[in-house]
Amino acid sequence: MNKRLNSEKSGSFPRFGRRRSKRELETGSFKLKGLNPKVCGKNQNPVELFWKSDLNHDQILEKVVQFVEKLASGQDKSKAPEIPNFVESFLKMVESRIATYEQSEASAKLGFNEEYTSFFEAVSCLSKIVNTLDEFPFDSATTSCFNRAGSVHHRAMLVSEYQFLALLDISKRNCNVTVDSKTPKTPKQSFFNSNQETDRCVKPEYDSGTGIAFPYFPPQSVANMNQVALAMISAGYEEECFIVYSGLRLKALDFEFSNQGYENVNMEDFQSMDWESLEGEIDNWIHIVKYCTTNLFSVERKLCNSVFPEHSLIAQKLFCDLATSLTIRLLNFPNAIVLIKQYSAEKLFKFLDIYETLRDLTSSLGSELSALDLISETSETQRRVGEAAVTIFCQLENSIKSDNGRIPVASGAVHPLTRYTMNYLKYACEYKDTLELVFQQHYETEGSTRRKVQKQESKNAIEDNDRIPKTSHFSVKLMMVMDLLDAKIEMKSKFYRDPALRYIFLMNNGRYILQKIKGSTDIDEIMGPSWSGKRTSDLRQYHKNYQRETWRKVLQCLNHEGLQTNGKVSKAILKGRFKNFNTLFDEIHKTQSIWMVSDEQLKSELRVSISAVVIPAYRSFLGRFKPHFDSGKKAEKYIKYQPEDIEGLIDKLFEGNMTSMGRRRHNN
C-alpha cells in the first residue's frame, strides 16, 4: 500500500495521519492541522455548504455499506471498480458533520448516544472504503475516490482525537474538586499531613458539583471514550489514542495525589528532619500508598478496561504504564529513608510498617507480564527496607551489650533495661510473621559464609538453653537477645552489696520477664515450655536464697537450744536473745520496707513465706520463755512485739516507701 501511495496515488492523504509529539498530546495545546472549514452564513446550515441529496443519512450509509461489502466479497479485483455517485454524497455528508464539529467548542463537539453512534458508523465505513479500494488497481476515478476518502477520514480522526482529549481532560470538566475543611482529609503539611490518621484509608473526596467520585467520569462519558478509542484504533491511530490517554490520565492521577496531600520528597529534607517529623511523614506516606492499593489502582484499572474492553492487552499495558509512573514516585520515599544509616532500635516498627505497606503495594500491581519490571523494582525497595529493619533490630543487641552502668537500681526494682527490652520484644512479636520473612530474606542474601555462622549461633542458642530447635531466623535471634538480657541482669545484680537485696533484684527482673513472656503467645511459643520452666525454677531458688540471707540470723535468735546453764534457763542469755531478735527485726523492717517488689503476686508470696517461718517460731519461743520474765515494764523492755505485731510489720515489707528511704539513705 505504501508503494502505491508514493506512486499511483501521489495526491492521496496517508492513512496514518501526522504523528504529534508526546508533549503536544499530553498538554492538549496542539491545533488541528489541515482543517480549514468553510464558514456558515448567518442563517445557513453547515450541511448545505457541502452537499444536497434526495437520500437521507441512513439511506446513503446503507448504500455505501452494501457497495463496500459487494467489493470485498465477490467483485473481480483485477480491474478498477466503478464508483457510484452516492459514495461522493456520503463523503460530503461526513465532511459536513466534521465541519460542524470543527466550529464547536471542544466539550460539545460530539453529542451523546445516537449522534456518537452515527458519526462513528460513518467513520468505520470510511475506513472500509479506503481499505477495500486499496485492493484494486486504480484508474482516475478510483484514485480520486481513494484520496478523497483518505482525506475525509484523516479529518475525522483529528476530530475524534480532539474529542478523546476533551473527554479525558478532567481539568476542563466542571468537576470543581475541592477539599472540604470539615472533612478529616489530608491537608498538606510539609510533604504530607502529619496529623492524618494512619490506620485507615480515607475515602476519596467527592466532587461537590457532580457527586461523582474519582476518576470523575459518569458512565456515559466512559462509553463515549470507548467509542472514540475503538474508532481510532480500528483506523490505525492507536499511537495517538494511547499517548492522549496516558498523558491525560497521568495528569489526572497527579491531581489526585495532590488532592490527597502528596508531594515529591528530596534527600535534603530527610537529612534535616528530626525523627518526630519523619515519623509523621512515614504515617502519611503509608496513608497515600494504602489509598492507591485499596482504591486508586483498582479504579484506574477498571477505567482502562472500560475504555478499551475490546483490547484487553492494550488496557493492561496502559494501566501498568500509569501504575509504574505513580509507583516510582512512591518508591522514592522509602528509598530515601534507607539511605539515612543511623536509626536507634525503637525506630524498627515504622520500618516494618513501610515493609508491610510495600508488600501490599506489590500485591496490588497484579501478576501481568507487563507489570513484572515494576513488581521487581517494588520488591527490591522492599528488600532494602527489610535490610534496614534487620540492622535496626540488631541495635537492640548492641544496646544491651553497651549498658555497662555500675549504679544499681534503687530498692532492687525492675531494671529499665529489662522493661525496655521486654516491651520491645513484645511489640516486635506483633510483627512476628513480617520479622521472620525479613530475617529469612536477610540470611538468604548474606551468602554461605554468614549462613554457616548463623547455623552455629542457632545450634549454640538451642543447646545452651535446652530448647526445642527452631527453624526461624527471627526465633533464634530473639533467643539470643534473651540470653544477652539474662547475662546482663545477672551481672548487674552483683553491684548490690547486700546479698538479700541482690536476690530481690533478681526476683523482680525474673518475674517481670516471665510475666511478659506468658503475656505474649508469640514469645512464649518461641521460647518454649522448657525455658519457662527453668526460669520458674530459678525464681524459686532466688526466693530461698533471699530467705536464707535475711531471716537465718533472726531464726537463730529464736532457737530453743543454748539457753540453759547448769540445767536452768539463763535470764541473761534469754534477754540477749530477745534483744538481738528485736534489733535484727527492726533493722530488716526498716531496710526492707523501702525495697520494691512491684509484682503483687510475688510480694504476697514473699510475705506469706516469711510469716510462715518467722511467726510460728516467734510464737513458740515467746510462749515458752515469756514466764521467765517478771511481769511489768521489765518484761516489756525485752519482749517488744507480740506475734500479731510481727505479722503486721511483715505485711509492710517491699512497699518501696520513698519517705522512709529519704530519711535513711541506704548504701545498697
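The values are calculated or read from the model by the stated rules, or taken from the named source; none is laboratory data. Keep in mind that this is a model prediction, so the values were computed, not measured. Virtual Cβ from ideal backbone geometry, glycine too; neighbours counted across all protein chains shown. Just the protein is used for accessible areas: all its heavy atoms, side chains included, with ligands, DNA and RNA removed. Shrake-Rupley method; radii C 1.70, N 1.55, O 1.52, S 1.80 Å.
Computed quantities for the displayed model
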read-out	value
Residue 404, sole failed condition from (1) part of a loop (DSSP other than H, G, I, E, B); (2) among the polar types (S, T, N, Q); (3) assigned by the TED database to the domain that holds residue 320	(3)
Residue 618 being open to solvent by less than 60 Å² (accessible area, probe 1.4 Å), closer than 29 Å to residue 570 by Cβ and part of a loop (DSSP other than H, G, I, E, B)	no
Selection within the range 490-524 - in contact with a helix residue (DSSP H, G or I) (Cβ under 9 Å, 6 or more places away or on another chain), over 12 Å from residue 426 (Cα atoms) and open to solvent by 50 Å² or more (accessible area, probe 1.4 Å)	490, 494, 499
Verdict on residue 252 being under 23 Å from residue 327 (Cβ atoms), modelled with pLDDT of 50 or more and touching a helix residue (DSSP H, G or I) at 6+ places or on another chain (Cβ under 6 Å)	yes
Any helices (runs of 4 or more DSSP H) falling wholly within the range 41-147 and containing at least 3 residues that are in contact with a Cys (Cβ under 6 Å, 6 or more places away or on another chain) and at pLDDT 80 or above	none
Unique residue being in the same structural domain as residue 375 (by the TED database), open to solvent by 10 Å² or more (accessible area, probe 1.4 Å), touching a residue at least 60 places away in the same chain (Cβ under 8 Å) and within 22 Å of residue 352 (Cα to Cα) when the list is 277, 298	277
Filter pass, residue 395 being within 15 Å of residue 358 (Cβ to Cβ), assigned to a helix (DSSP H, G or I) and either of a type in the set (S, T, N, Q) or touching a residue at least 12 places away in the same chain (Cβ under 8 Å) (or both)	no
Residue in the range 78-103 that is nearest to residue 152 (Cα to Cα), counting only those that are surrounded by 13 or more Cβ atoms within 10 Å (Cβ to Cβ) and among the basic types (Lys, Arg)	92
Selection count, the range 407-429, where residues are in contact (Cβ under 8 Å) with a residue 24 or more places away in the chain, in a helix (DSSP H, G or I) and surrounded by fewer than 17 Cβ atoms within 10 Å (Cβ to Cβ)	5
Flag for residue 361 being in contact (Cβ under 8 Å) with a residue 24 or more places away in the chain, in a helix (DSSP H, G or I) and under 30 Å from residue 602 (Cβ atoms)	no
Qualifying positions in the range 624-641 - within 25 Å of residue 588 (Cα to Cα) and in contact with a helix residue (DSSP H, G or I) (Cβ under 8 Å, 6 or more places away or on another chain)	625, 626, 635, 638, 639, 640, 641
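Every residue, every condition in (1) charged (D, E, K, R); (2) touching a residue at least 12 places away in the same chain (Cβ under 8 Å); (3) in contact with an Asp or Glu (Cβ under 8 Å, 6 or more places away or on another chain), yes or no:
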{"position": "524", "(1), (2), (3)": "yes, no, no"}
{"position": "533", "(1), (2), (3)": "no, no, no"}
{"position": "539", "(1), (2), (3)": "no, yes, no"}
{"position": "543", "(1), (2), (3)": "no, yes, yes"}
{"position": "548", "(1), (2), (3)": "yes, no, no"}
{"position": "555", "(1), (2), (3)": "no, yes, no"}
{"position": "561", "(1), (2), (3)": "yes, no, no"}
